[in-house]
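Report on one structure; see the data block that follows.
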Amino acid sequence: MSNQKRSFDNSMDIPFFVPLVTKEDKEVVKKVLNSTLLTLGPELEKFEKKFAKFTDTKYAIGVSNATAALQLALRTLKISKDDEVLIPDLTFIATASSILNNGGIPVLVDVEKDSLNISVESIKKKITSKTKAIIVVHFAGRACNMKEIMKIAKSNNLYVIEDCAHAIGTHFCSKHVGTFGDIGCFSFYPTKNITTVEGGMVITNSKKIFDNVKSLRNHSMTKSLSQRYNSGNPWDYDITEPGYNFRLDEIRSALGSSQLRRIKKLNQLRRNACKYYNQHLQKVKGIKTPSISSNDSCHLYVIRITPEYRITRNQLYKKLLKNKIRTTVHYKPLHKFSIFKKYKNSKNLSNSSQIYEEILSLPLYPQISQKQQDKVIKCISEQ
């Protein structure tokens, strides 16, 4: 028995995440590689239609990544020099850099201690005459309070962009996130709930926004690839404004369609794993576990290490790493980066500052086994 225990403790490496790419995924990619059209073709259109149907929205536009999706969203809403955009302090840098790249000013807003989502009360305090939009981030796959946020936006005539990078499959009041505001932006990075390796999607119910984003992602050409080659001279098109090369190719689109077919199953496996963590870690004094809902996509499993726990978050991170368990922190608050030191609006962020010292993201992926989770749980439970 003791030998088996030593083998369990010492031989199992538990990565933070393992992408799930199946034989079926590889076959669809191989099939596309035999095609003569590798970008802006039928696979992209198919993926876009499937994604629009899945999120119950009118339009979906495939793009190169979620950062590009945010950049296009802000550009098409005409966010420019000196326009203020409210964003949560606890998010990935891309949420902020997309604003800076459009000439706008990111205004950092505190988050809620329980959900880790943007604080509704803090949003109200940060609105000024220069505020033009709010970017909400559905952190870890749990929906923000979109009912209250949309009320605030409407009363202040603000655009709402939903950063849904964590939230493929997340619902709020029976609607998929990304459909409440003007634009929803999604990520298909390898760690996300479905992957195209790199890739993203913009969704909207506005035909005007759809047309603008679709044009901007392809250098603002007035004709699509099929239009150029199916009628007249293929070089006969116009450019009315600077655009971007933010296209999503056929290979990644085919992979996305294949993965999307399994999204409900993948999310349920994640949800089951989160519930298993909760079942055992809720008993550990000083460990605060996240609430798990059937409406969440469970992209991340984030615990908080409170003062009642005998060691700090950083000490626990090192302990887990020593036991070959990979964890990380989502995220270093934006106000701690040098780039934001010059902004006077980066104040009143006490929740994100405290949370940053306590949070730790544990290994989570659809195929994680209970045996692997047991090792993580045991390492956290034994002090």
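The values are calculated or read from the model by the stated rules, or taken from the named source; none is laboratory data. These figures come from a predicted structure and were not determined experimentally. Glycine also receives a Cβ, built like all others from the backbone with ideal geometry; neighbour counts cover every protein chain displayed. Each accessible area value is taken on the protein alone, full model and side chains, heavy atoms only, with ligands, DNA and RNA left out. Shrake-Rupley method; radii C 1.70, N 1.55, O 1.52, S 1.80 Å.
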How would I127, I152 line up by accessible area, probe 1.4 Å, largest first? I127, I152
Rounded to the nearest 0.05, what FRET efficiency do N205 and T240 have when you use their Cβ-Cβ distance and R0 = 22 Å? 0.35
Distance from segment 127-182 to segment 195-214 (C-alpha centre basis), Å: 16
Given R₀ = 45 Å, FRET efficiency for K124-K265 by Cβ-Cβ distance, to 0.05? 0.70
Please name whichever of P234, Y277, N245 sits farthest to the positive end of the charge dipole of segment 220-295, dipole taken about the Cα centre and charges placed at Cβ: Lys and Arg +1, Asp and Glu -1. Y277
Accessible surface of the chain, 1.4 Å probe, proportion on carbon and sulfur as whole %: 50
Post the alpha-carbon centroid distance, segment 354-380 to segment 279-304, in whole angstrom. 9
For the chain, the per residue accessible area (1.4 Å probe, Å²) is 47
Of K132/K332; K26/K175; K332/K375; K50/K336; K208/K332, which ones are farther than 29 Å apart at the Cα? K26/K175; K50/K336; K208/K332
Taking the chain as the reference, fit the longest principal axis to its C-alpha atoms, fit the long axis of helix 2-11 to the helix C-alpha atoms, and give the angle between the two in degrees, 0 to 90, nearest 10. 30
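Please sort 312-322, 222-232 by packing, taking for each peptide the average over its residues of neighbouring beta carbons within 10 angstrom, highest first. List each step's numbers first, then the result.
Numbers: 312-322: 14.9, 222-232: 13.1.
Packing proxy ranking, top to bottom: 312-322, 222-232.
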Highest to lowest packing among 334-342, 358-366, 60-68, 235-243, scored as the average C-beta count within 10 Å: 60-68, 358-366, 334-342, 235-243
Cα convex hull of segment 113-225: mean projected area in nm², to one decimal? 8.8
Per-residue ellipticity at 222 nm attributable to helices in the chain (runs of n ≥ 4 DSSP H, -39500 (n - 2.57) apiece, nearest 500 deg cm²/dmol) works out to -11500 deg cm²/dmol
Diffing segment 83-95: the Karplus 3J(HN,Hα) column from phi (6.51, -1.76, 1.60, θ = phi - 60°), in whole Hz with x for Gly and Pro, holds 6, 8, 10, 7, 9, x, 5, 9, 7, 6, 4, 4, 4
Taking the Cα-to-Cβ direction at Y276 and at Q354 and moving 7 Å from each Cα, how far apart do the two end points lie in nm? 3.3
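Multiplying the sequence separation of N157 and N233 by 0.36 nm and subtracting their Cα-Cα distance, what value in nm do you get?
Working: separation 76, 0.36 × 76 = 27.36 nm, distance 4.41 nm.
Taking N157 through N233 to full extension adds about 22.9 nm, to one decimal.
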Which entry is the computed Cα extents along the principal axes in Å for this structure: [x] 61, 42, 40; [y] 64, 47, 39; [z] 77, 54, 37? [z]
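So for segment 192-257, Kirkwood radius off the Cα pairs, Stokes-Einstein at 10 °C and 1.306 mPa s: how many µm² s⁻¹?
118
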What is the helix-to-structure angle for 207-216, meaning the angle in degrees between its Cα long axis and the longest Cα principal axis of the chain, kept from 0 to 90 and rounded to the nearest 10? 90
Highest mean first, what order results for 372-379, 204-211, 174-181 on Cβ atoms within 10 Å? 174-181, 372-379, 204-211
Residues of segment 226-260 with the amide nitrogen closer than 16 Å to a label point 7 Å from the Cα of T36, along Cα-to-Cβ, please. 226-231, 234
